[in-house]
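What follows is a set of notes on a single structure, which appears directly below.
The values are calculated or read from the model by the stated rules, or taken from the named source; none is laboratory data. Treat the numbers as computed from the prediction; the structure is a model and nothing was measured. Cβ placement follows ideal geometry from the backbone for every residue including glycine, while neighbour counts extend to all protein chains displayed. Side chains are part of the model used for accessible areas, which takes the heavy atoms of the whole protein and leaves out ligands, DNA and RNA. Shrake-Rupley method; radii C 1.70, N 1.55, O 1.52, S 1.80 Å.
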Amino acid sequence: MASTYTPLGVELMATGENAGTWGTKTNANLNLVSQLTGGFAQVSIAGGAGTTALSVDDGALTGTAQQRMIEFTGSITGNRIVTIPNDVETFYILKNATSGAYTVQFKYATGSGGTFTFATTNKGTAIVFATANDGTNPDILEVQTGGDVVDDTSPQLGGDLDVNGNSIVSVSNGNIPLSPNGSGVVQITGNSTQSGTLRITEDTDAGSNYVDIKVPSLASNVTLTLPNNDGDADQFMKTDGSGNLSFATVSGGTDWQAVKTSTFTAVAGEGYFVNTTSGVITMNLPAGSIGDEVAFIDYAGTFDSNTFTIAANGSEKIEGSTADLTVSVERAANTLVYTDGTQGWLLKTK
């Protein structure tokens, strides 16, 4: 009776066979078993879309499917398939070391059984078990080790997550929720170089065009609560002084009036462009029609931050910047008088 071979090539010697060569054949078997349990081979699968068949060589160490760990190498320019014979039953450690953004599928030679596939960007390792569980459609099963978060329903980090220059993305128009537990928050932390910053950029942009939302230097905690609606057209957002934001409608007129160089009567809600190199500009305030505040705006149209209180009455306020304006104020009846040594500033009634 002649010797036979296992699906992985180990020789099974029959009684009375191989007289005088048992030692040689036994050593060959032991070497093969050693390779099957701990061997490593690199197999090039370079090329375009196609299939590479791993082989089993009976009684020899040359079969590409007779290794414990197999590293796939080469530049691939299409999706590749790697097959093993249908009767092989063992587990493999596979490493995808190919270059090229294409899939690498590991499967049995024929049939419609389960397979394992390295995704286009997965240049890592995997443990798979070749089951030989069906003579026609055997299955390849991935052995889960906890490193694949797809199959771990409660994954936890053992340290900081380094994305290594990559992005966290979703598929099929999916959202990416961040859900802290209980009273926890989603925190964006700064470092020694800059304060905490949220950057929003276009998905097709490399980062040259973006919007940054940055935390300023703070003396205490600040909480801003957004409104529960999107407001109406032409409204602006205001705060109640406690961080609660809401939409409000501008009251009064919004038109800027003609250039003023001397005395004029103010209208509630309107603004005036004042143009003078010297002298006194007098703005008459009709009694009861205009509030107690008047704002100076620089020529670029932005409000300045400094506030000056009129000591004579104690109720009127002027907002302006001493870097832009030199203003003296007095009130006589319902008249505010402004002396300005500069040229070209805007005055807006509240």
Legend entry - Among the candidates 170, 179, residue that is open to solvent by less than 100 Å² (accessible area, probe 1.4 Å) and in a loop (DSSP other than H, G, I, E, B): 170
Inset, instruction - May I ask you to verify whether residue 26 is open to solvent by less than 50 Å² (accessible area, probe 1.4 Å) and not basic (Lys, Arg)? - result: no
Legend entry - Selection from region 205-249 of residues that are more than 24 Å from residue 192 (Cα to Cα) and among the hydrophobic types (A, V, I, L, M, F, W, C): 206, 224, 226, 233, 236, 237, 245, 247, 248
Inset, instruction - List every residue pair whose Cβ atoms sit under 9 Å apart, with the two residues 6 or more apart in sequence or on different chains, where the first one lies in region 2-19 and is outside any loop (DSSP other than H, G, I, E, B) and the second, anywhere, is modelled with pLDDT under 85 and open to solvent by 30 Å² or more (accessible area, probe 1.4 Å). - result: 11/18
Legend entry - The one condition in (1) of a type outside the set (Lys, Arg); (2) within 23 Å of the chain's Cα centre (by Cα); (3) part of a loop (DSSP other than H, G, I, E, B); (4) more than 30 Å from residue 154 (Cβ to Cβ) that residue 217 fails to fulfil: (2)
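Of everything in region 29-63, what is under 41 Å from the mean Cα position of the chain (by Cα), of a type outside the set (A, V, I, L, M, F, W, C) and under 18 Å from residue 129 (Cβ atoms)? Give them in sequence order.
Passing the criteria: 38, 39.
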